[in-house]
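Working notes, beginning with the structure itself.
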């Protein structure tokens, strides 16, 4: 396979952030004419460690991470190449910037999301008790 035919790799930190009551944070990025929500997250900067990205995104939201745990890593073909997703479980406190239209929901009662069932599956997997 030539270098020209290799897909772009997009490393992403995906965050399942919960507040002290167990509610999950969802936000709105981009177009405001869409009533669906996103799980918080973002692309890793070049050479940024995934945990550093998770902490950075949490701070950019206006939150303080009380605990942070890597749940699992996922990979799949996305619109912009191959996605390598680091899923983190974060317990946090603070106030999210209002321009992101934060919405806190029970894990089993999430509002409509941009990727459909993907966010629900990610939340369920990240929040399941570990087998350790």
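No solvent, one uniform scatterer per C-alpha: report log10 I(q)/I(0) for the stretch 1-77 via the Debye equation at q = 0.15, 0.19, 0.27 1/Å, two decimals.
-0.64, -0.93, -1.40
Assuming 0.692 mPa s and 37 °C, estimate D for the chain with Stokes-Einstein, Rh taken as the Kirkwood radius over Cα pairs, in µm²/s. Write out the running numbers ahead of the final one.
Working: Rh = 15.4 Å.
Translational D for this selection: 214 µm²/s.
Could you order the peptides 113-123, 64-74 from most to least packed, using the average number of other C-beta atoms within 10 Å per residue? Numbers along the way, then the final one.
Values: 113-123: 15.6, 64-74: 14.0.
Ranked from most to least packed, the peptides come out as 113-123, 64-74.
Considering only DSSP beta bridges whose two residues both sit in the chain, what percent are antiparallel, to the nearest 5?
In the chain, approximately 65 percent of DSSP beta bridges are antiparallel ones.
Tell me the Rg and the Dmax, in Å, that the Cα atoms of the stretch 58-131 produce.
Cα radius of gyration and Dmax of the stretch 58-131 are 13.6, 38 Å respectively.
Order these peptides, 37-44, 11-18, 92-99, 23-30, by their mean beta-carbon neighbour count within 10 angstrom, highest first. Present the calculation step by step, with values, prior to reporting the outcome.
On the way: 37-44: 20.1, 11-18: 23.0, 92-99: 12.8, 23-30: 18.0.
So the peptides 37-44, 11-18, 92-99, 23-30, ranked by packing, come out 11-18, 37-44, 23-30, 92-99.
Rounding to the nearest 10 and keeping the result within 0 to 90°, find how far the Cα-based axis of helix 117-127 lies from the longest principal axis of the chain.
Approximately 70 degrees, to the nearest ten.
Return the calculated 222 nm mean residue ellipticity for the chain, to the nearest 500 deg cm²/dmol, obtained by summing -39500 (n - 2.57) across DSSP H runs with n ≥ 4 and dividing by the residue count. Walk me through the numbers before you get to the answer.
Values: 2 runs with 22 residues, N = 132.
That calculation yields -5000 deg cm²/dmol at 222 nm.
Read the figures in this text as sums done on the coordinates, not as results from a lab. Keep in mind that this is a model prediction, so the values were computed, not measured. Cβ sites come from the backbone with ideal geometry, for glycine too, and all protein chains shown count toward neighbours.
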